[in-house]
Amino acid sequence: MSAVLHSPSAASVKQRTHWTDRCAHAVLALVAFALVAFLAFPLLAILQQALLGKQGEFAGLENFIAYARTPALLGSLWNSLWVSVLVTVITVPVAFGFAYALARSCMPFKPLFRGITLIPLLAPSLLSAISLIYWFGNQGVLKDWMQELGIQQIYGAPGIVLAECFAVFPHALMILITALSLSDARLYEAADAMGTRAARKFFTITLPGAKYGLISAALVSFTLVMTDFGIPKVIGGNFNVLATDVFKLVIGQQDFARGAVVAILLLAPAVLTFGVDSYVSRRQTAMLTARAVPYRAKASRGYDLLMTGYCSLVAFLMLAMLGMAVFASFASFWPYNLSPSLRHYVLGLVDAEVGVGFVNSLKMAAGTAVLGTALVFCGAYLLEKTKGMDGLRGLVRLLAMLPMAVPGLVLGLGYIFFFNAPGNPLNGLYHSLTLLTLCTIVHFYTTGHLTAVTALKSLDGEFEAVSASLKVPFFKTFWRVTLPICTPALVDIARYFFINAMTTISAVVFLYSPETKVASIAILNLDEAGEMGAAAAMAVLIGVASTAATLLFMALAWWVNRRTQAWRTSAR
């Protein structure tokens, strides 16, 4: 027995297993280092800046006290709060009605209506603000009609509210569709057997079943409006909110300490909503059990016609918002010469050199999709499918969830304070396209991480157990088994990163240089220069590029499913 235990073959197996474990731990440490360097340290830099005085001395809470004594800044805080609440109150019920029509009716053209609602995700959020200016601005088509309703101008709170409703709608809709699709038909059958009226079933079965989805949709909507920068910048006028205050304090006044204070205040609502959402998720109970019967909507001519009319109205408003931006981008000289022309596209791409920014956007989006997908999936795999270094795992899990509660504007400001420091060895990344790419990856890290974790949790742990018993290194199991099975999830993550990188504004507005300007930032510059038509043209181009990328990713997903998911189809 002693000879067997000390044989060369046993020693080599022990060394091989130890070597593979060390490789897994080393890669996990690299993931942790990336999250600490590009997420934790920038956020700590904001806190440090808020506690320092103008000469770099420790000031404690003096900056916060000075902020509380500034009526204009407090007014911005109040403006952000009540506008966010109003948009949430408007958007969530409208999205709930649309989701209810898709999930609980037999109306026709469901895929078409669903596709139309995805339009705001494919373009920068400020597209809706530009479109509203052409509809209701000083030279808008419906300016007189708007004034007859008692609204003197679209600039300010009215424009921000309407534009945010358009931009936030698809986010709330996705959550509510998921909530309404998880229903047990037996509850409705029992209610029908007892003669329960439709209204009572709605308030006693449907709403309680969807309450967690409603809460999540409300929290997401509130946070997105609270932290959005593009829409208030374009259509806000003199109506100040926290997001525009950060930009003015840091870029305009170079008041970094007070800008850091506002950033922390901007971070607080996002952290609060994230905490509430986590609490609600823990309280949520399963809606579908092993004995549940999926709900199937029953055809009803009058009801289906009503739902079709409602969805048609919402879809028409969305198409009107997009259509006006497209029409204005081709108008020769608004509103005096509306003949179609490519003047604004030439002005934006050539004269204003937005073409360079468009290429930079494509580079950044491609880098974000490739590098972000690799980082997210490797990190999720090492957390879920390997063992050891429990303390480091807890840190990575915490940092992987943190970006969900960090607004892009706050993250970008943290990058200024951290990477612009002369003593930082990573200072060379400042103003580079690489840093913009890394910032975008970190900004959208959480959703990709949760997608990867969901895909990995669906795989039985026996794959790794069998591999370990056969002394197969983890990376071979990863390459031959895990990666092919999870390829569809990888495509989804890459598509999510690419589209968001093309349309993001707040995360990179502080970090670009003239050489690394991206298209979404160039739109803001065109708007500030008064070239609204060129800004609309560039926003439309981003939407077209995002749509084309979505179609390409759909084709890639179809090809991937045929090549790697044949095992899911039962043989005939």
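Only the coordinates and a few stated rules stand behind these numbers; no lab work does. All figures in this text were calculated on a predicted structure; none of them were measured in a lab. A quick note on method: Cβ atoms are made from the backbone with ideal geometry, for glycine too, and the neighbour counts reach across all protein chains shown.
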- Assuming a viscosity of 0.890 mPa s and a temperature of 25 °C, what translational diffusion coefficient in µm² per second does Stokes-Einstein assign to region 351-466, Rh being the Kirkwood radius over Cα pairs? 151 µm²/s
- Tell me which residues come under 5 Å, amide H to amide H, from L52 once H is placed; ignore anything under 5 positions away on its chain. A59
- Projected onto the charge dipole of the chain (unit charges on the beta-carbon of Lys, Arg, Asp and Glu, signs +1, +1, -1, -1), the Cα from F510, T373, S80 with the largest positive-side position is that of T373
- Expressed as a rounded percentage, what relative contact order does the chain have, with Cα pairs under 8 Å and six or more residues apart? 22 percent
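Under the rule of -39500 (n - 2.57) per DSSP H run of 4 or more residues, summed and divided by the residues of the chain, what mean residue ellipticity at 222 nm is obtained, to the nearest 500 deg cm²/dmol?
Working: 27 runs with 392 residues, N = 572.
That comes out to -22500 deg cm²/dmol.
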- Dipole magnitude of the chain about its Cα centre (Cβ charges: Lys, Arg +1; Asp, Glu -1), debye to nearest 20: 2160 debye
- Message: Taking 2.2 N^0.38 Å as the expected size of a compact globular protein, what ratio does the Cα radius of gyration of region 96-183 give against it, to two decimals?
- Response: 1.32
- Query: Please state the relative contact order of region 91-156 as a whole percent: Cα pairs under 8 Å, 6+ residues apart?
  - Reply: 17 percent
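I need to check one value: relative contact order of region 151-280, counting alpha carbon pairs closer than 8 Å and at least 6 residues apart, in percent.
In percent, rounded to a whole number, it is 31.
Name the helices (complete DSSP H segments) of the chain with a Cα length along the long axis of 20 Å or more and a Kyte-Doolittle mean of at least 0.0, or state none.
Helix filter hits for the chain: 8-35, 71-104, 157-181, 207-227, 256-283, 301-330, 354-385, 487-503, 532-564.
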- Give the shape of the chain as rounded, prolate or oblate, defined through the alpha-carbon gyration tensor: a ≥ b ≥ c are the square roots of its eigenvalues, a/c under 1.5 means rounded, and otherwise the shape is prolate if a/b is larger than b/c and oblate if not. oblate
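Could you sort out which of K233/K517; K363/K457; K201/K457 sit more than 25 Å apart by Cα distance in this structure?
Checking Cα-Cα distances, K363/K457; K201/K457 exceed 25 Å.
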- Message: I need the shape label for region 47-90. Rule: rounded when a/c is under 1.5, else prolate if a/b > b/c, else oblate, with a, b, c from the alpha carbon gyration tensor.
- Response: prolate
- Message: Using the basic label-point model (7 angstrom from Cα toward the beta carbon), what is the Y430 to A268 distance in nanometres?
- Response: 2.9 nm
- Among T451, S361, T91, whose Cα lies farthest out toward the positive end of the dipole of the chain, if unit charges sit on the beta carbon of Lys, Arg (+1) and Asp, Glu (-1)? T451
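How about region 350-459: which trypsin sites (Lys or Arg not before Pro) there lie in a loop by DSSP and see at most 15 other Cβ atoms within 10 Å?
In loop regions of region 350-459 (DSSP not H, G, I, E or B), the sparsely surrounded trypsin sites (Lys or Arg not before Pro) are K387.
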- Inter-centroid distance (Cα atoms) of region 203-265 relative to region 371-406, Å: 27 Å
